[in-house]
Each structure stands twice: as C-alpha cells, then as structure tokens.
C-alpha cells in the first residue's frame, strides 16, 4: 500500500475524483438554493454523503456495474443503428433530466416574475424532494467516477481499497468547500445562471456519451463522445471571464 506507484495512483485518483465531482457540487448547490436557509447546509452534506455511499456500493457490486455495460437490446434500421446498454440508458435519461432542470431554473430566474420565483423556490421544494433529486443525479454522476477509478487502479495491488480511500477522501474535501462555494454562488445571480448553463452542457455531454457508448449511428454517421477536457476548459474560461466582470463591476461601484 505504501509503494511509490500505489501512493501516486491514490493521489492522482483523489484529484480526479474531486474534478469529476465538480458537476455534482454544482447541481447540489443550485438545488439547495431553492430550500429554506436552515436546510441548505443539511442538503449539501446529505447529498455528498449519498454520493460517497453510492460510489462505494457500486465498487462493492463491481460485477453488476460491469454487467450494465453489456447490451440489453439492439436496434438496426435504415436510418438508425444502436446497441443499448443499462449504462447508456442511465446516462441518457440523466442527461435529459439535467437539460430539463437547468432550462427550468434559467426560465424561473430570468423570465418568470420575481414573486412567482420566490414562491416556487421556497414553498414547492421540500428537503425530501431535494434529496430525492440529488440521489437520482448522484447515480448518473457516479458512473464517470467509478469508471475513472477502475481505469486508474487496474493491475495495482489492493485496488478496491485504493478506490474506496480515494472516493472517501475526495468527498470529505468537497464537503469542506461545498458550503463556502454555495454561499458565494448564491450571492451572485450571474454565477447562478452561468452554473445552470454549465449543467446544460453537462446534460448534453451525457446524452452524447450515452449515444457513443451505444455505438449509435444516424444516417450511417456514428455519434462520437465529447472530450471532457473541452467541457472543463469552457467552464474554466467562462468562470475566468465572469470573475473579471465581477471585479470590474465592483470597481465601478467603489468609484
């Protein structure tokens, strides 16, 4: 467990788990904003603990997880060809859910009257409903996390415990920063809209990833996956521009 190879793999995997958990934190933060103030911290902590438990359960049932990558049924027609697996179904409907949720949230904050936004956000979403939605999206986000863990630890000794330690460590680190990040985002409406735009991107990426895993072809053209590096670069670039704009707005107010 304490060889250089194992320790370096553990540190790298923990870092990757944190990076892959950014979209999870983003969803939990935006959803908890619709809760009363006293329930927000609780929702964030419960959501991240559920994410950790789901990942550990998937690791314990690794044979079941791998089985979900097998084809469930195949469709071959003149215009459409696809090999549908359990994993692709979860990614597809998870992506659609994110697209729906982000579009609905953007409409409520931008187009809907402010009084109706307040009533919807504070009355219609209970802690139980929020936890249910967080649990559903955690299932989707867990797949990337577990696939990354399996690939990183393949062939290493004590691979299972390495993956468990990395998952637990990454979630604990995210729990330390989730609430400060959530408070910062809630203070800046422009960041909220930007965050929901990121969820739209992530949802679209999940849908295309599902099509790619199913080897889907439309009009004999295979749908490829979107490299995650492009997605994270676009998020980092957009945040950088927004932070510059926030600094400029603050300077105008002080002047």
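Rule-based calculations on the coordinates, nothing more; no lab input. Not measured: the values here are computed from a predicted model. In this analysis, Cβ positions are derived from the backbone assuming ideal geometry, glycine residues included, and neighbour counts consider all displayed protein chains.
In what order do 167, 241, 185, 253 fall by count of nearby beta-carbon atoms within 10 Å, going from fewest to most? Walk me through the numbers on the way to the answer.
Numbers: 167 26, 241 11, 185 19, 253 7.
Neighbour counts put them in this order, fewest first: 253, 241, 185, 167.
Would you order 14, 3, 135 from fewest to most other beta-carbon atoms within 10 Å of each residue's own beta-carbon?
Numbers: 14 20, 3 10, 135 15.
Neighbour counts put them in this order, fewest first: 3, 135, 14.
Put a dot 7 Å past each Cα toward the Cβ at residue 3 and residue 60; how far apart are the dots in nm?
2.8
Residue separation times 0.36 nm, minus the C-alpha to C-alpha distance between residue 177 and residue 220: what's the value?
Working: separation 43, 0.36 × 43 = 15.48 nm, distance 4.60 nm.
Length gained, residue 177 through residue 220: 10.9 nm.
Taking the Cβ of each residue in 17, 5 as the centre, tally the other Cβ atoms inside 10 Å and list the residues starting with the fewest. Walk me through the numbers on the way to the answer.
Values: 17 26, 5 10.
By the 10 Å Cβ count, ascending, the order reads 5, 17.
Suppose the chain between residue 253 and residue 212 were pulled fully straight at 0.36 nm per residue; how much longer would it get relative to their current alpha carbon spacing?
Working: separation 41, 0.36 × 41 = 14.76 nm, distance 4.84 nm.
Stretched out fully, the residue 253 to residue 212 stretch lengthens by 9.9 nm.
What number, rounded to the nearest 500 deg cm²/dmol, is the helix-based mean residue ellipticity at 222 nm of the chain, given -39500 (n - 2.57) per DSSP H run of at least four residues and division by all its residues?
After summing the helix terms and dividing by the residues of the chain, the value is -27000 deg cm²/dmol.
In Å, what Kirkwood hydrodynamic radius results for region 4-254 from the alpha-carbon pair distances?
On the way: mean 1/r = 0.0511 Å⁻¹.
This gives a value of 19.6 Å.
Give, in nm to one decimal, the length gained when the segment between residue 244 and residue 83 is fully stretched (0.36 nm per residue of separation minus the Cα-Cα distance). Write out the running numbers ahead of the final one.
Values: separation 161, 0.36 × 161 = 57.96 nm, distance 4.55 nm.
Here the segment from residue 244 to residue 83 would lengthen by 53.4 nm.
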